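The structure under discussion appears below in the form of structure tokens.
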Amino acid sequence: MIAWKQHREALFALIPAAIAVAALATYYIHGPFNIYINTTNSMPRGVYIKANIPIGPGTTVIFPSSVIANPDPRVPMYLLKKVLPYHGELVTINHEGLFFDSTLIARREINEGIDFYRSVLPPGWVLVIGESERSYDSRYFGPVKLADLFAARPLLTW
């Protein structure tokens, strides 16, 4: 019985490593947007896969950080966020946070990033946000082009 417990613990320790190896192999074979491993606190940590679904409010998305204006050099090459529901409200992003029609949607934790004053988003642009209040998202870099986003769905989270 003791031997089985030791083997079981070793097996459970190897499962995340095996998933990571499979994910990396898939990444190198098929490209960066088929699989994504999130290690940040911005969204649930785990393995996400590209999903062929329409992108709308609440959709989890992956996109290259190179598409945002003045990306923070500390951010990863790709970002994982959720699309904010938006219905044509006036958007303001300032030192306090992100507002829709003067209603605070998400507070900024630090006073960095862009300012975006009382504008309606043009067609084809969306706001994205992480699930963590400390997420580096549209509160700091503003709207992103819908065409730069890829829908994703969690394969395994922890």
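We did not get these values from a lab; they are worked out from the coordinates using the rules stated. Computed from a predicted structure; not experimentally measured. Neighbour counts run over all protein chains shown; Cβ positions are idealised from the backbone, glycine included.
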15 Å beta-carbon shell around LEU149, net charge (K/R +1, D/E -1): +3
In the range 44-86, whose amide N lies under 16 Å from the spot 7 Å out along Cα-to-Cβ of THR157? List them in ranges. 44-51, 58-62, 80-84
Output ³J(HN,Hα) for the range 71-85: one whole-Hz value per residue in order, computed from phi by the Karplus curve 6.51 cos²θ - 1.76 cosθ + 1.60 with θ = phi - 60°, and x for Gly and Pro. x, 5, x, 8, 7, x, 5, 10, 10, 10, 9, 10, 7, 6, x
Note the direction-averaged projected area, equal to a quarter of the hull surface, for the Cα convex hull of the range 84-147, in nm². 3.9 nm²
Hey, can you grab everything whose amide H is under 5 Å from the amide H of TRP125? Only 5+ residues off in sequence or another chain; H modelled, so Pro and N-termini drop out. LEU146
Local electrostatic count, MET43, Cβ distance below 9 Å [Lys/Arg +1, Asp/Glu -1]: +2
To the nearest 20 debye, the range 52-143 has a Cα-centred charge dipole, built from +1 on Lys and Arg Cβ and -1 on Asp and Glu Cβ, of 160 debye
In the range 32-157, if every C-alpha pair distance is counted and binned at 10 Å from zero, what percent goes to each bin? 14, 47, 33, 6
I need the GluC sites (Glu not before Pro) found in the range 82-137, filtered to DSSP loop residues with at most 14 other beta carbons within 10 Å of theirs. GLU96, GLU109, GLU112, GLU131, GLU133
